[in-house]
1. As a test, work out the antiparallel percent of DSSP beta bridges whose residues both lie in segment 359-436, rounded to the nearest 5.
2. How big is the gap, in Å, between the Cα center of segment 370-394 and the Cα center of segment 298-318?
3. Is the C-alpha gyration tensor of segment 304-351 telling us rounded, prolate or oblate? Criteria: a/c under 1.5 is rounded; beyond that, a/b larger than b/c is prolate, otherwise oblate.
4. Enumerate the calculated ³J(HN,Hα) couplings along segment 42-51 in order (Karplus 6.51 cos²θ - 1.76 cosθ + 1.60, θ = phi - 60°), each rounded to whole Hz, writing x wherever the residue is Gly or Pro.
5. In nm, give the distance between the simple-model label positions of His373 and Glu348, each being 7 Å from the Cα along the Cα-to-Cβ direction.
6. Which of the peptides 256-264, 416-424 is most tightly packed, and how do the rest follow, going by the mean number of other Cβ atoms within 10 Å of each residue?
7. First select every other residue whose beta carbon is under 12 angstrom from the beta carbon of Phe143; then total the charges, Lys and Arg +1, Asp and Glu -1.
8. I want to check the label-to-label distance for Leu106 and Arg165. Put each point 7 Å from Cα in the C-beta direction and report it in nm to one decimal.
Amino acid sequence: MLPLVALVGRPNVGKSTLFNRIVGKRLAIVQDVPGVTRDRQYAEAQQGAKRFRVVDTGGFTLRTDEQLVRAVREQADAAVREADAIVLVVDAVEGLSAADRELAQLLRRGGKPVFLAANKVDSNRREEQLDLGELHSTGFDVFPLSAEHGRGVDELLDAVAAGLREAAGERPAEEDKTIHLAVLGRPNVGKSTLLNKLLGEERFVASAMPGTTRDAVDEELVWKGHRYLLTDTAGLRKKRQVVDKVEVSSAQRALRAVERADVVVVLTDATQLGVDQDARIAAQAEERGRAVMLAVNKWDLVRDKEGEAQRLREQAERHLQHVDFAPLLFISALEGTRVHRILELAAELRDEASTRIPTPQLNEWIQAMQQEHPAPLFRGFPVRFSYAYQVGTQPVTIAIQCNRPRAVDDAYRRFLVNRLRERFKLRVPVRLIFRQKSRSTPRGSAGAGR
């Protein structure tokens, strides 16, 4: 039987959202009101080569005489008893409540591995603003994350999976070699035409009328020994232009396709550039940690190809700075010009996003950065890096042990990310996590998060 991971916590801290994120499906109902989850819900999940089951439980409350609340608590207690590992979910914005502290005390006595998920930490800025020190007082390893946006969830799952036993009588599952490729773009830029050309058949309805594609539709393709899952999506317009409920639903499905993808092709029209909207679409893919490539379609209609290519590259540098690492292609879906280069690049980018960088090489790199271009002083005190190691892929995620994590500003973080890409030849999203070297508070760090 597969090992079991239980998600526990008081009501409305995001357990069901985290459950859906881990299992990769919207199985648990999520509402911004307490008490929606009552019964235990189980599903299978996988992190790397480790397969396990996850159970979502009802909200833990302090002792009460109310029959329904008592029954929900008993369901949560039963899940804890059968679990191999426990994830205690708390609301990082609200901090530890009395129920959180009582539950932490009960879990500590249980003797099972416990990981504390500090939920609703939606950005680096939010993490810096919050004082997470009291969470460490529980004695559990703390993982700041956003279950809704997926931020930090991989780091939590890496730690949980590392301690789980192998399932009895099972061999580790083979790694899925399928490359999930989603095509996004504004309406009528040629997404369906491109996928039809790649497949060699009229699989997707292609029309000059915008909005032909409503749902996110998948189709498999095998090309040069690689298996691809190609996803056609509805065109994405500016929010203020979207009024139809069907179009709203189509846009939501397109963004969910991004979360399932390994690589996202942001397709634009060489004859009708929409730089701002294309930049927003690319940003949505990058924020979700997906490898991105930019493809300019209808290149057959461009007369001065050399001059136009130079102009578009300059525009991309100005308006697409957050994905300036992404490859840029000029294609014609109608004529088939360079369309198969998309498949070649998708395989390369998936491999880069899945790369594992040896820890000695990362340590050599971070020490070189510290010597060549040290971080700015923080209130007169130096920021020192001890060592670096990789904690996740897709996106490539590197943890850096540091004496003053909150003192690393956004500009220096971007500098390190760019230098990391240069050193290891990466054209994919990279995330850096700065972690406290020890639990002792270094001089000059008080109030750094305020």
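1. Working: 7 of 14 bridges.
Counting DSSP beta bridges with both partners in segment 359-436, the antiparallel share is about 50 percent.
2. Each part's Cα centre sits 39 Å from the other's.
3. Values: a/c = 3.11, a/b = 1.12, b/c = 2.78.
Judged from the Cα gyration tensor, segment 304-351 comes out oblate (a/c at least 1.5, b/c at or above a/b).
4. 10, 7, 8, 8, 8, 10, x, 8, 9, 9
5. 2.4
6. Details: 256-264: 21.9, 416-424: 16.4.
So the order, starting with the most tightly packed, is 256-264, 416-424.
7. On the way: positive: Arg151, Arg435; negative: Glu127, Asp141, Asp154, Glu155, Asp158.
Cβ neighbours under 12 Å give a net charge of -3.
8. Between Leu106 and Arg165, the simple spin-label model gives 2.4 nm.
Read-outs: derived from the displayed coordinates by stated rules, not from any lab. Since the model is a prediction, treat every value here as computed from it, not as a measurement. Every residue, glycine among them, receives a Cβ derived from its backbone with ideal geometry; neighbour counts consider all protein chains shown.
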